[in-house]
Amino acid sequence: MNDDDFDSLQDKVAELRSSLPGMRTRWDASPDEYEFVEIGDGAALSEPDQYPQDLNRLNSLFGSATFGAIDFDGEEYFEAETPVDFNGDRIDDIDWIRIGTVNHEDSILVDKATGRTMVYFLNYGKYGWDNGVMIDCPSPTMFVDTVCFGPRYREIEGPVELQAESWWEDDPWYNYLRERGYHQ
């Protein structure tokens, strides 16, 4: 992600932080209808050389966060994870770390060498999918910009064309993105 795009992402996070009090008022009025959104304080990673530069930049925006069904863990909860195929074999030789989850189930993984970021769904075979990579982005900041704050949020439950219904139409976070014009 170039500096201009990162500046735009910083602006989105700042706007969301300033919107939280009003959003919480909506949640209090209808707690069953609104997803929880939380943004932790940004901080430098304790061992920045152990992680891709882009993950360091993202962590400077927030240490942990929840955007609808997407949860980012703080650095203290990062852990190595090996995505496996339906037979239990590694899908690749990449050194992945889990930095969060989608729907408290699917892993958000970052390649420690390149920063490539993906959502991996372990139970993909149950649905007859070819593999468990639901979303693949070149970097953690691109993931946040295009998935958490963008049109790819609809893909967090798999390829849009394979989903039985348009669940995102009723999703409060997606509706927030639509209100702000971010889903385009």
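The values are calculated or read from the model by the stated rules, or taken from the named source; none is laboratory data. Just so you know, these numbers come straight off a predicted model, no measurement behind them. Counting neighbours? That spans all protein chains shown, and the Cβs are built from the backbone with ideal geometry, glycine included.
Got a sec? Which of I108, I99 is outside any helix (DSSP H, G or I), closer than 23 Å to R17 by Cα and out of contact with any Lys or Arg (no Cβ under 9 Å at 6 or more places or on another chain)?
Working: I108 fails: out of contact with any Lys or Arg (no Cβ under 9 Å at 6 or more places or on another chain).
Checking each option against the conditions leaves just I99.
Would you confirm whether or not the range 53-74 contains a residue that is at pLDDT below 95 and more than 18 Å from the chain's Cα centre (by Cα)?
Within the range 53-74, not a single residue is at pLDDT below 95 and more than 18 Å from the chain's Cα centre (by Cα).
Among the listed residues N87, N59, identify the single one that is assigned to a helix (DSSP H, G or I) and among the polar types (S, T, N, Q).
On the way: N87 fails: assigned to a helix (DSSP H, G or I).
From the options N87, N59, the qualifying one is N59.
Within the range 125-140, can you find the residues that are in contact with a Pro (Cβ under 9 Å, 6 or more places away or on another chain) and free of Cβ contacts under 8 Å to residues at least 12 places away in the same chain?
none
Would you call L109 surrounded by fewer than 19 Cβ atoms within 10 Å (Cβ to Cβ), among the hydrophobic types (A, V, I, L, M, F, W, C) and either over 14 Å from the mean Cα position of the chain (by Cα) or at pLDDT 90 or above (or both)?
Details: surrounded by fewer than 19 Cβ atoms within 10 Å (Cβ to Cβ): no; among the hydrophobic types (A, V, I, L, M, F, W, C): yes; either over 14 Å from the mean Cα position of the chain (by Cα) or at pLDDT 90 or above (or both): yes.
Against the criterion (surrounded by fewer than 19 Cβ atoms within 10 Å (Cβ to Cβ), among the hydrophobic types (A, V, I, L, M, F, W, C) and either over 14 Å from the mean Cα position of the chain (by Cα) or at pLDDT 90 or above (or both)), L109 does not qualify.
Only one residue in I99, I135 is closer than 22 Å to W168 by Cβ, out of contact with any His (no Cβ under 7 Å at 6 or more places or on another chain) and aliphatic (A, V, I, L, M), so which one is that?
Values: I99 fails: closer than 22 Å to W168 by Cβ.
I135 is the lone residue from the list that is closer than 22 Å to W168 by Cβ, out of contact with any His (no Cβ under 7 Å at 6 or more places or on another chain) and aliphatic (A, V, I, L, M).
Among the residues of the range 112-125, count how many are surrounded by 20 or more Cβ atoms within 10 Å (Cβ to Cβ) and either of a type in the set (V, I, T) or out of contact with any helix residue (DSSP H, G or I) (no Cβ under 7 Å at 6 or more places or on another chain) (or both).
The initial filter retains those residues of the range 112-125 that are surrounded by 20 or more Cβ atoms within 10 Å (Cβ to Cβ), namely 115-121.
Then keep just the ones that are either of a type in the set (V, I, T) or out of contact with any helix residue (DSSP H, G or I) (no Cβ under 7 Å at 6 or more places or on another chain) (or both); that gives 116-121.
So the answer is 6.
Which members of the range 2-46 meet the condition of being assigned to a loop (DSSP other than H, G, I, E, B) and at pLDDT 85 or above?
To start, the set of residues in the range 2-46 that are assigned to a loop (DSSP other than H, G, I, E, B) comprises 2, 30-37, 40-46.
Matches in the range 2-46: G40, D41, G42, A43, A44, L45, S46.
When you look at R116, is it without any contact (Cβ under 8 Å) to a residue 24 or more places away in the chain and touching a Pro at 6+ places or on another chain (Cβ under 9 Å), yes or no? Walk me through it before giving the result.
Details: without any contact (Cβ under 8 Å) to a residue 24 or more places away in the chain: yes; touching a Pro at 6+ places or on another chain (Cβ under 9 Å): yes.
Criteria met by R116.
For the subset of the range 84-96 comprising residues that are modelled with pLDDT of 95 or more and either touching a Lys or Arg at 6+ places or on another chain (Cβ under 6 Å) or of a type in the set (V, I, T) (or both), which member is surrounded by the fewest Cβ atoms within 10 Å (Cβ to Cβ)?
Here the residue is D95.
Just name the residue that is nearest to Q10 (Cα to Cα) out of those in the range 130-184 that are assigned to a helix (DSSP H, G or I) and among the hydroxyl-bearing types (S, T, Y). Give the derivation first.
Looking only at the range 130-184, we keep the residues that are assigned to a helix (DSSP H, G or I), and these are 140-148, 151-157, 160-162, 167-170, 172-180.
Checking the rest, the ones that are also among the hydroxyl-bearing types (S, T, Y) come to 141, 146, 153, 174, 176.
Numbers: T141: 10, T146: 14, Y153: 18, Y174: 19, Y176: 17 Å.
Filtering first and then ranking leaves T141.
Tell me, please, whether a residue that is of a type in the set (S, T, Y) and touching a Ser or Thr at 6+ places or on another chain (Cβ under 9 Å) can be found in the range 152-170.
Restricting attention to the range 152-170, the residues satisfying the condition of being of a type in the set (S, T, Y) are 153, 166.
Filter once more, keeping what is touching a Ser or Thr at 6+ places or on another chain (Cβ under 9 Å): 153.
Within the range 152-170, one or more residues are of a type in the set (S, T, Y) and touching a Ser or Thr at 6+ places or on another chain (Cβ under 9 Å).
Among the residues of the range 67-80, which ones are surrounded by fewer than 18 Cβ atoms within 10 Å (Cβ to Cβ) and assigned to a strand (DSSP E or B)?
Hits for the range 67-80 are E79, A80.
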